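Asks: Attaching a single structure in structure tokens format; questions to follow.
The values are calculated or read from the model by the stated rules, or taken from the named source; none is laboratory data. This one's a predicted model, so the numbers in the text were calculated from it and none came from an experiment. Glycine also receives a Cβ, built like all others from the backbone with ideal geometry; neighbour counts cover every protein chain displayed.
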């Protein structure tokens with residue numbers, strides 16, 4: 001949230017919440033407060049967060065945060081002072097990253113007291129400060145703050161009850177209204193990359209953050225990654241230099257200045273829809289009070305507040321699931337290492353068991369030459385009548401007689417013979433488990449941490465992870481049968497081919513099974529990368545002939561969502577679903593097929609990007 005974003009957000013909130021009554025105050029975490037506001041018969045929960053990494057303010061439309069059993073002191077203070085009060089104004093001091101709520105409330109004896117609740121969105125220095133209001137409407141004496149800043153913590157600005165509220169130190173920047181070409185040109189002297197240009201603009205212009213400056217550079221068609229601005233001869237003649245021959249083209253400066261003015265105006269006057277920028281997995285990575293033109297995956301939203309909610313929902317999801325996701329990945333990799341060690345040990349046992357004749361021959365020789373075996377001997381050499389009486393050294397247990405040692409060798413021979421099929425079965429099962437977990441690793445590598453739930457469910461059901469303890473409400477959901485089973489597994493991703501065919505891609509092995517074996521129709525086309533872990537891909541034929549273009553696009557998706565996604569000429573098998581079946585007892589995702597044909601696909605980023613942009617799945621949109 002930069003200064004421009006807060007300017008737009010305060011405008012939205014001022015329209016929505018001026019005159020709203022504060023019904024409840026909650027403090028779900030140490031640095032977050034939720035106000036329940038009521039206006040015109042409508043109740044809205046708003047979040048004011050001073051989180052160190054995710055400081056923000058927005059309406060809570062979907063999530064209802066929990067509350068501690070004992071409310072913190074700051075929460076109790078706000079309840080006592082402002083519950084029942086009204087919001088009279090939402091505003092921003094200058095271009096500061098500060099959102100202020102003016103509040104009128106009555107004290108215990110009925111006098112009207114005016115307060116300011118100021119959220120400072122400043123990274124690790126973010127704070128939520130509750131102040132009395134001056135006659136001019138500015139914050140006055142601090143009543144309390146969600147984070148106390150003592151003189152030991154900051155010599156510049158103390159934030160403690162009883163102290164006067166002061167704004168953060170002024171920055172040597174200009175307002176957008178006063179920004180001119182000379183100021184911008186001076187700031188951009190020596191700039192050679194887009195990142196440097198962004199920092200230079202942010203260093204001189206109030207309210208400008210990384211997203212705003214990057215968008216402005218893109219709209220102004222300034223690309224410093226390949227050259228310094230325009231590369232035309234006329235532009236070269238119009239460069240100004242810092243003495244080292246490095247300068248920013250004047251044509252680009254005038255165009256950039258005009259673009260910055262237009263962008264600020266469009267945002268403040270809401271001439272453009274707010275938007276979020278998404279990555280290839282459909283996760284929001286940036287939010288702006290204008291429409292992003294610099295990305296392929298952009299979603300319009302009805303307000304900047306809604307864009308912020310979507311952005312921070314995605315960020316919180318990544319943060320919330322990161323530790324659990326990493327723990328799950330480590331568990332899978334450790335299990336894989338253990339299984340590979342087990343397979344190596346079984347192979348050694350198999351090699352040993354293949355030699356069942358050696359102990360049988362030793363036993364027969366001991367029985368044939370009992371009289372030649374000294375009592376208490378640990379080793380004896382006897383003529384091997386199976387090998388032209390060549391002497392054979394036989395190890396003995398000194399505590400046993402010759403007959404007993406012979407019996408021991410006969411039992412060993414019999415044990416080895418019986419062990420062979422058991423070892424073969426164990427090796428086959430272990431190899432299947434290794435192949436299965438390798439497919440899970442491949443799926444995890446291409447799954448966003450916030451969407452790994454179906455894979456975890458799958459691993460729990462297969463016994464590779466211990467089931468997480470769930471709340472009573474979720475425990476009840478588990479008893480709801482098939483519907484909840486489908487929810488836990490999730491839905492495959494869906495894409496639309498150039499020819500209008502629906503292509504579905506499984507995101508977990510359980511999804512792969514359901515996609516292929518339950519929802520696939522006999523004449524649908526099934527695709528899978530050849531001899532490597534990967535997602536099942538299904539073209540919904542609907543009794544139509546599938547064109548070459550759609551088949552190739554589905555093959556691209558099969559190659560991309562596989563272990564071979566970075567390879568070229570990836571072999572992809574395809575056949576009708578009627579020719580795909582699952583062996584009894586096989587792990588999720590494992591199928592057999594026949595009547596297949598093979599084509600080759602290279603998952604080129606440009607082509608894959610076009611397909612991903614035609615996704616219709618929830619994951620890709622959200």
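Asks: Quick one: how many residues across region 124-143 are surrounded by 19 or more Cβ atoms within 10 Å (Cβ to Cβ) and over 19 Å from residue 87 (Cβ atoms)?
Replies: Selection size over region 124-143: 3.
Asks: Separate question: For residue 333, indicate whether it is over 30 Å from residue 607 (Cα atoms) and either surrounded by fewer than 18 Cβ atoms within 10 Å (Cβ to Cβ) or at pLDDT below 80 (or both).
Replies: Numbers: over 30 Å from residue 607 (Cα atoms): yes; either surrounded by fewer than 18 Cβ atoms within 10 Å (Cβ to Cβ) or at pLDDT below 80 (or both): yes.
Yes, satisfied.
Asks: Shifting gears a bit: Please work out which residue is farthest from residue 428 (Cα to Cα), limiting yourself to region 340-374 and to residues that are touching a helix residue (DSSP H, G or I) at 6+ places or on another chain (Cβ under 8 Å) and in a loop (DSSP other than H, G, I, E, B).
Replies: Once the filter is applied, the top-ranked residue is 373.
Asks: Inside region 23-58, can you point out the residues that are more than 26 Å from the chain's Cα centre (by Cα), over 22 Å from residue 307 (Cα atoms) and exposed (fewer than 13 other Cβ atoms within 10 Å of the Cβ)?
Replies: 40, 41
Asks: So residue 189 passes all but one of these: (1) exposed (fewer than 14 other Cβ atoms within 10 Å of the Cβ); (2) part of a loop (DSSP other than H, G, I, E, B); (3) assigned by TED's automatic domain parsing to the domain that holds residue 206. Which condition number does it fail?
Replies: Going through the list (1) exposed (fewer than 14 other Cβ atoms within 10 Å of the Cβ); (2) part of a loop (DSSP other than H, G, I, E, B); (3) assigned by TED's automatic domain parsing to the domain that holds residue 206, residue 189 breaks only (1).
Asks: Is it true that residue 61 is more than 33 Å from the chain's Cα centre (by Cα) and touching a residue at least 40 places away in the same chain (Cβ under 8 Å)?
Replies: No.
Asks: Answer with yes or no whether residue 98 is surrounded by 14 or more Cβ atoms within 10 Å (Cβ to Cβ), touching a residue at least 40 places away in the same chain (Cβ under 8 Å) and outside the structural domain of residue 33 (by TED's automatic domain parsing). Let's see the steps before the verdict.
Replies: Details: surrounded by 14 or more Cβ atoms within 10 Å (Cβ to Cβ): yes; touching a residue at least 40 places away in the same chain (Cβ under 8 Å): yes; outside the structural domain of residue 33 (by TED's automatic domain parsing): no.
No, not satisfied.
Asks: So, one more: Residues to consider are 418, 379; find the one that is surrounded by fewer than 15 Cβ atoms within 10 Å (Cβ to Cβ), touching a strand residue (DSSP E or B) at 6+ places or on another chain (Cβ under 9 Å) and farther than 30 Å from residue 445 by Cα. Show your work before the answer.
Replies: Values: 418 fails: touching a strand residue (DSSP E or B) at 6+ places or on another chain (Cβ under 9 Å).
379 is the lone residue from the list that is surrounded by fewer than 15 Cβ atoms within 10 Å (Cβ to Cβ), touching a strand residue (DSSP E or B) at 6+ places or on another chain (Cβ under 9 Å) and farther than 30 Å from residue 445 by Cα.
Asks: Looking at region 52-88 only, could you name the residues that are under 30 Å from residue 204 (Cβ atoms) and in contact with a strand residue (DSSP E or B) (Cβ under 7 Å, 6 or more places away or on another chain)?
Replies: Passing the criteria: 55, 56, 57, 58.
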